[in-house]
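If you scroll down you'll find the structure; I have some questions about it.
The values are calculated or read from the model by the stated rules, or taken from the named source; none is laboratory data. Everything numeric here is computed off the predicted structure, so don't read it as measured data. When we count neighbours, we look across all protein chains shown, and the Cβ atoms used for this are built from the backbone with ideal geometry, even at glycine. The area values use the complete protein model at the heavy-atom level, side chains included, leaving out ligands, DNA and RNA. Shrake-Rupley method; radii C 1.70, N 1.55, O 1.52, S 1.80 Å.
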Amino acid sequence: MLNRPLLLTSLALTLAGCAGSYRGVESAHQPVVTRSDYALDLQAAPDGLASGEAQRLRGWLDALRLAYGDSIALDDPRGDADGARADVAAIAGSYGLTLAPAAPLTGGAVAPGAVRVTVTRTAAAVPSCSPQSNRGLFNFDARTSGDYGCSINGNLAAMVADPNDLVHGKSDTGGYDPLTGNKAIGALRRAQPSGAGGTAVRSESTGGK
């Protein structure tokens, strides 16, 4: 009976020493996707955007450096600004983008006679990685190091074309053409073996050395 409190105390200290220690084999540093919405209200005319509004929209998009991965949408509360939608779609097409089917929710109501253009931008990063992330510490309990995964997940976040794919993935749209995928396979099969010079690397002379 006298040894039981001592045993419980020892067990509690052992468990306390394990608290906060990551024992998994998957990296604790995962990409975090952030989203930002930018909105601009434009005056609409019966047959499209009002005079000067198209230039204002282009200047705004240039300032945002609109590029692939961004989403652009038009919010038309009345639903009758077909001409303005066509104008905005044409401008978005000049940047290689198409209008999204639905606009995200933004703050404030759209004024009568106006439409709202919204640009949605997502970015991916691994904010948990830092130069002081437990590097150089000894590891005696078979856990991953403090900076494990920072390199590969950081590169993944930097190189992914659409950061939304890290959240939702990419679904099959049914538009895959097998002939396109077979082009690379056909080129590989038609190439001559390396012994025949088909894939040999050309050597350049550097002054006889």
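If a residue must be within 16 Å of the chain's Cα centre (by Cα) and closer than 15 Å to L99 by Cβ, how many such residues does the stretch 54-67 contain?
1
Could you list all residues from the stretch 113-131 that are on the phi < 0 side of the Ramachandran plot, in contact (Cβ under 8 Å) with a residue 24 or more places away in the chain and outside any strand (DSSP E or B)?
The answer is V126, P127, S128, C129.
Is it fair to say R58 is open to solvent by 20 Å² or more (accessible area, probe 1.4 Å) and part of a strand (DSSP E or B)?
no
Inside the stretch 37-55, can you point out the residues that are open to solvent by 50 Å² or more (accessible area, probe 1.4 Å) and part of a strand (DSSP E or B)?
Of everything in the stretch 37-55, those that are open to solvent by 50 Å² or more (accessible area, probe 1.4 Å) and part of a strand (DSSP E or B) turn out to be D37, Y38, A39, D41, Q43.
Something else: Restricting attention to the stretch 1-53, which residues are under 29 Å from the mean Cα position of the chain (by Cα), of a type outside the set (V, I, T) and modelled with pLDDT of 85 or more?
Within the stretch 1-53, H29, Q30, P31, R35, S36, D37, Y38, A39, L40, D41, L42 qualify.
Moving to a separate point now. Filter the stretch 90-111 down to residues that are free of Cβ contacts under 8 Å to residues at least 12 places away in the same chain and hydrophobic (A, V, I, L, M, F, W, C) and give me whichever is surrounded by the fewest Cβ atoms within 10 Å (Cβ to Cβ).
L105
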